[in-house]
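S.K.: Below is one structure. I have some questions about it.
Each value in this text was obtained by applying a stated rule to the coordinates, not by laboratory testing. Because the structure is predicted, anything quoted here is derived from the model rather than measured. Don't worry about glycine lacking a Cβ; one is built from the backbone with ideal geometry, like all the others, and counts go over all protein chains shown.
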Amino acid sequence: MSLLATKRLRKHFGETHAVDGVDFTVNQGEVLALIGSNGAGKTTLVNVISGLLRPDAGTITFEGADITGLSAHAKISAGIARSFQLVNLFDQLTSLDNVALAIFSREGKTRQLLTLADGDRAVRDEAIEILRQFGVEAKASMVAGGLAQGERKLLDVAVAYALRPKLLFLDEPTSGVSTREKAPIMDIITSIVRSGRITAVIIEHDMDVVFTYSDRIVVMHQGAILASGTPDEIRRNDEVTTTLLGTSLPR
Ligand SMILES: Nc1ncnc2c1ncn2[C@@H]1O[C@H](COP(=O)(O)OP(=O)(O)OP(=O)(O)O)[C@@H](O)[C@H]1O
Ligand SMILES: [Mg+2]
């Protein structure tokens, strides 16, 4: 059984058919890359699945249950978390507090952040451990606004990970960082995801990253799914290479 499945999912913005009858399936345990040109509908699809936007039509099933109408908060409780294309951090708070806030919110204790200074040891320890896993422990007491772009991207994923999701959507985790930084960031993210047995959907434009790190690739084009397959199958798919013309697929 698939972990997540959408059926004929639709989200239009006036004349723009951002998501136009999409059947999208995520299998348990896979690292799936969701690709497609600018405006293909990738972020909108994730916004609808994660509850930020309501679909116009269609259904979303997660672990066999219909979650179509759930709020974003209820979907987090169900086990779906996401990071954002533009990072979504509290810039005035420290890295540690950004992660601690996610832990508190996971436990339904959103108002207790101010007490962290007094020491909620378990939360603090967990937050430090998560920062360590993501390689940014040294920046625990630095405000998020003061971090380098690569560290901000990692912290943003760490915050989503702190919600302890079963399914994690990452919207362009390496955007805005130098080519040199992309591989170390993806190494960290995918090793955490795989060792934690989390299922991940990664929206990504860099084809080297996509073909190196994903088990399966889903290609979106103009609000619809154009193709789905292993990296090898997608590489050999002429319709995909033609549609994504200008994007060279690594052989
Ligand atoms: N809130 C909105 N209101 C109106 N139109 C929107 C809204 N969000 C997205 N769109 C439009 O829907 C289409 C799909 O946008 P979306 O952001 O989902 O694409 P994307 O595949 O994530 O692109 P990118 O790779 O550039 O991030 C685009 O034409 C976009 O302009
Ligand atoms: Mg997008």
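S.K.: Where both residues lie in segment 161-251, what percent of DSSP beta bridges are antiparallel, nearest 5?
M.R.: 50
S.K.: Rounded if a/c is under 1.5, else prolate if a/b is larger than b/c, else oblate: which is segment 3-147, with a ≥ b ≥ c the root eigenvalues of its Cα gyration tensor? Kindly include the intermediate steps, with their values, before the conclusion.
M.R.: Details: a/c = 2.30, a/b = 1.94, b/c = 1.18.
Judged from the Cα gyration tensor, segment 3-147 comes out prolate (a/c at least 1.5, a/b above b/c).
S.K.: Next question. Would you work out if segment 86-163 is rounded, prolate or oblate? Take a ≥ b ≥ c from the square roots of the eigenvalues of the alpha-carbon gyration tensor; rounded if a/c is under 1.5, else prolate when a/b is larger than b/c, oblate otherwise.
M.R.: The shape class here is prolate.
S.K.: Return Phe24, Phe84, Phe90 ranked ascending by Cβ neighbour count within 10 Å, so the fewest neighbours appear first.
M.R.: Ascending number of Cβ neighbours within 10 Å: Phe90, Phe84, Phe24.
S.K.: Calculate, for Ser191 and Thr242, the FRET efficiency according to 1/(1 + (r/R0)^6) with r their C-beta to C-beta distance and R0 30 Å; round to the nearest 0.05.
M.R.: Efficiency, rounded to the nearest 0.05: 0.30.
S.K.: Pull up the DSSP beta bridges for the chain and report the antiparallel fraction as a percent, rounded to 5.
M.R.: 55
S.K.: Distance check, please: which entries in Lys139/Lys166; Lys139/Lys182; Lys42/Lys153; Lys11/Lys75; Lys75/Lys153 exceed 25 angstrom between their Cα atoms? All intermediate terms of the calculation are to be shown ahead of the outcome.
M.R.: Details: Lys139/Lys166 27 Å; Lys139/Lys182 19 Å; Lys42/Lys153 19 Å; Lys11/Lys75 18 Å; Lys75/Lys153 23 Å.
Over 25 Å Cα-Cα: Lys139/Lys166.
S.K.: Right, next: Roughly how far apart, in whole Å, are the Cα centres of segment 1-79 and segment 115-174?
M.R.: 25
S.K.: Counting other C-beta atoms within 10 Å, which of Ser83, Ser175, Ser95 has the fewest, and how do the rest follow? Each step should come with its number before you reach the end.
M.R.: On the way: Ser83 25, Ser175 16, Ser95 30.
Listing Ser83, Ser175, Ser95 from fewest to most nearby Cβ atoms yields Ser175, Ser83, Ser95.
S.K.: Still on this model: For a quick check: sort Thr43, Thr6 by the number of other beta carbons within 10 angstrom, fewest at the front. Walk me through the intermediate numbers first.
M.R.: On the way: Thr43 21, Thr6 24.
Neighbour counts put them in this order, fewest first: Thr43, Thr6.
S.K.: Spelling out what I want: for every residue of segment 42-56, take phi, set θ = phi - 60°, compute 6.51 cos²θ - 1.76 cosθ + 1.60 (Karplus), and round to whole Hz; glycine and proline get x.
M.R.: Here the 3J(HN,Hα) series is 4, 5, 4, 4, 5, 4, 6, 5, 7, x, 6, 10, 8, x, 6 Hz.
S.K.: To continue, here is another question. Amide H neighbours of Leu170 under 5 Å, at least 5 residues apart or on other chains, H built in the peptide plane: list them.
M.R.: Ser83, Val201, Ile202, Ile203
S.K.: With each label point set 7 Å from Cα along the Cα-Cβ vector, what nm distance links Ser37 and Ser77?
M.R.: In this crude spin-label approximation the distance works out to 4.3 nm.
S.K.: Tell me the trypsin sites (Lys or Arg not before Pro) within segment 185-249 that lie in a loop according to DSSP and have at most 14 other beta-carbon atoms within 10 Å.
M.R.: Arg197, Arg236
S.K.: With the chain treated as a Gaussian network of Cα nodes joined by springs under 10 Å, which of Thr94, Thr179, Thr199 yields the largest mean-square fluctuation?
M.R.: Thr179
S.K.: Tell me, in nm to one decimal, what length is gained between Lys7 and Ile128 on full extension, where the rule is 0.36 nm per residue of separation less the Cα-Cα distance?
M.R.: Fully extending the segment from Lys7 to Ile128 adds 39.6 nm.
S.K.: Net charge near Phe90: determine it from the other residues with C-beta under 12 Å of the C-beta of Phe90, scoring Lys and Arg +1 and Asp and Glu -1. Spell out each step's value before the answer.
M.R.: Working: positive: Arg152; negative: Asp91, Asp97, Asp156.
Value of the local net charge: -2.
S.K.: Could you please report the charge total around Lys153, scoring K, R as +1 and D, E as -1 over all other residues with beta-carbon less than 15 angstrom from its beta-carbon?
M.R.: -4
S.K.: Here's something else I'd like to know. Taking only DSSP H segments of four or more residues, each worth -39500 (n - 2.57), what value at 222 nm results for the chain once the sum is divided by all its residues, to the nearest 500 deg cm²/dmol?
M.R.: Helix contribution divided over all residues of the chain: -10000 deg cm²/dmol.
S.K.: Counting pairwise Cα distances across segment 167-251, what percent come out greater than 23 angstrom?
M.R.: 23
S.K.: Still on this model: Can you tell me how segment 16-92 classifies by the Cα gyration tensor, rounded, prolate or oblate, using a/c under 1.5 as the rounded cut?
M.R.: rounded
S.K.: Using the basic label-point model (7 angstrom from Cα toward the beta carbon), what is the Ala183 to Asn88 distance in nanometres?
M.R.: 3.1
S.K.: Please work out how much length the chain gains when fully extended from Ala148 to Glu63, using 0.36 nm per residue of separation minus the C-alpha to C-alpha distance, in nm with one decimal.
M.R.: Difference between extended and current length: 26.9 nm.
S.K.: Additional query: Treat the chain as a sphere of radius equal to its Kirkwood radius over Cα pairs and apply Stokes-Einstein at 37 °C in a medium of 0.692 mPa s; give the translational diffusion coefficient in µm²/s, rounded to a whole number.
M.R.: The Stokes-Einstein estimate is 176 µm²/s.
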